[in-house]
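The next block holds one structure in the form of structure tokens; read it before the comments.
Bear in mind that the values in this text are calculations on the coordinates, not laboratory data. Please read all numbers here as calculations on a predicted model, not as lab measurements. Ideal geometry is used to build each Cβ from the backbone, glycine not excepted, and the neighbour counts take in all protein chains shown.
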Amino acid sequence: MNIQPPIQELELLGRMPDESNDNLTNEQIDLYSSLLDKVNKPINKNEAAILVKLFPESGLYGVQWTLLHLFESIYSTISVNEYRELIALCPSDEWRENLEIRLENGLKRLKRLDELSPSAIAQLKELGQIPDEPEDISEQYIDLLDSIKQPISLEEAKILIELFPNDNFNGVAWKLAYLFESVFHQIDLSVYKSLIEKCPSNEWKELLNNRMEKGLIK
């Protein structure tokens with residue numbers, strides 16, 4: 001398997017320094033960040049084996065999240081056992097545990113999608129956009145939204161974003177907003193931004209963007 005040039009450079013650089021390192025420079029941070037940004041997804045197994053060894057002990061001012069999303073792009077192309085073997089190569093106890101937790105959550109989510117969410121999401125899609133008038137909102141919206149556990153998947157988010165009312169900011173709309181935002185940490189920032197752009201409400205589109213930019217998403 002071929003190795004992308006930026007990954008070859010990252011391998012030569014070695015493991016990311018931790019942000020607690022007093023000798024860390026802005027140039028080092030920018031170098032890791034710029035090289036990671038040049039990597040095309042999905043990566044292959046050999047590339048994943050290189051990237052997983054780059055995780056810092058704790059963090060590198062957010063650059064580690066770019067690394068995480070790149071590494072996770074291998075997931076759908078290999079078996080779960082192969083993915084677990086790659087995770088085991090991670091030199092950071094903290095990030096190895098994070099990767100294992102995210103894997104288990106993903107497996108649970110897939111099982112839930114098979115058992116529950118497809119019907120709930122399908123019914124919400126059939127109901128369509130939440131009405132602006134509170135008296136027009138069926139209790140079915142509330143029941144269906146409550147039946148969907150977080151975090152949601154990208155495919156679920158693509159459907160939910162289209163349900164936002166035009167100018168209704170009541171409890172049901174906020175319930176939808178919090179549910180939609182649960183996908184934030186599961187996908188790349190650029191993908192999340194593109195999802196928001198599909199929102200039929202300019203008011204909610206602006207609000208969702210503001211919450212993202214101000215770091216209000218939990």
Which of the pairs Lys41/Lys149; Lys158/Lys214; Lys149/Lys175 have their Cα atoms more than 20 Å apart in this structure? Lys41/Lys149; Lys158/Lys214
In the chain, if the dipole is taken from +1 on Lys/Arg beta carbons and -1 on Asp/Glu beta carbons about the Cα centre, which of Leu24, Thr77, Leu60 is farthest to the positive end? Thr77
Between helix 171-181 and the chain, what is the angle of the helix's C-alpha long axis to the longest principal axis, kept within 0 to 90° and rounded to the nearest 10? 20
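Taking segment 129-206, which chymotrypsin sites (Phe, Trp or Tyr not before Pro) meet the DSSP loop condition and have no more than 16 other C-beta atoms within 10 Å? Could you put the intermediate results ahead of the total?
Values: sites: Tyr141, Phe169, Trp174, Tyr178, Phe180, Phe184, Tyr192, Trp204; in loops: Phe169.
Loop-located and lightly packed - Phe169.
Using the Cα centre as the reference, give the magnitude of the dipole from point charges on the C-beta atoms of the chain (Lys, Arg: +1; Asp, Glu: -1; all else neutral), rounded to the nearest 20 debye.
Details: 22 positive and 38 negative charges, 108 e Å.
It comes to approximately 520 debye.
Starting from the alpha-carbon convex hull of the chain, give the projected area averaged over all orientations, in nm².
On the way: hull surface 52.4 nm².
Answer in nm², one decimal: 13.1.
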Which of Asn44, Asn98, Asn170 fluctuates most in a GNM of the chain (C-alpha springs under 10 Å)? That residue is Asn170
Counting each DSSP H run of 4 or more residues in the chain as -39500 (n - 2.57), what helix-only mean residue ellipticity at 222 nm follows after dividing by all residues, to the nearest 500 deg cm²/dmol? -17500 deg cm²/dmol
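Contour minus end-to-end for Met212 and Asp22, with contour as 0.36 nm per residue of separation and end-to-end as the Cα-Cα distance? Spell out each step's value before the answer.
Numbers: separation 190, 0.36 × 190 = 68.40 nm, distance 3.04 nm.
Value of the extension gain: 65.4 nm.
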Treating cross-link reach as a plain straight distance, find the aspartates and glutamates whose alpha-carbon is under 17 Å from the alpha-carbon of Lys53, omitting any fewer than eight places away in the same chain. Glu9, Glu11, Asp18, Glu19, Glu72, Glu82, Glu85, Asp93, Glu94, Glu97, Glu100
What shape does segment 116-213 take by its C-alpha gyration tensor, where a ≥ b ≥ c are the square roots of the eigenvalues and a/c under 1.5 counts as rounded, a/b above b/c as prolate, and the rest as oblate? oblate
Dipole moment magnitude, nearest 20 debye, segment 116-213 about Cα centre, only Lys, Arg, Asp, Glu C-beta charged: 440
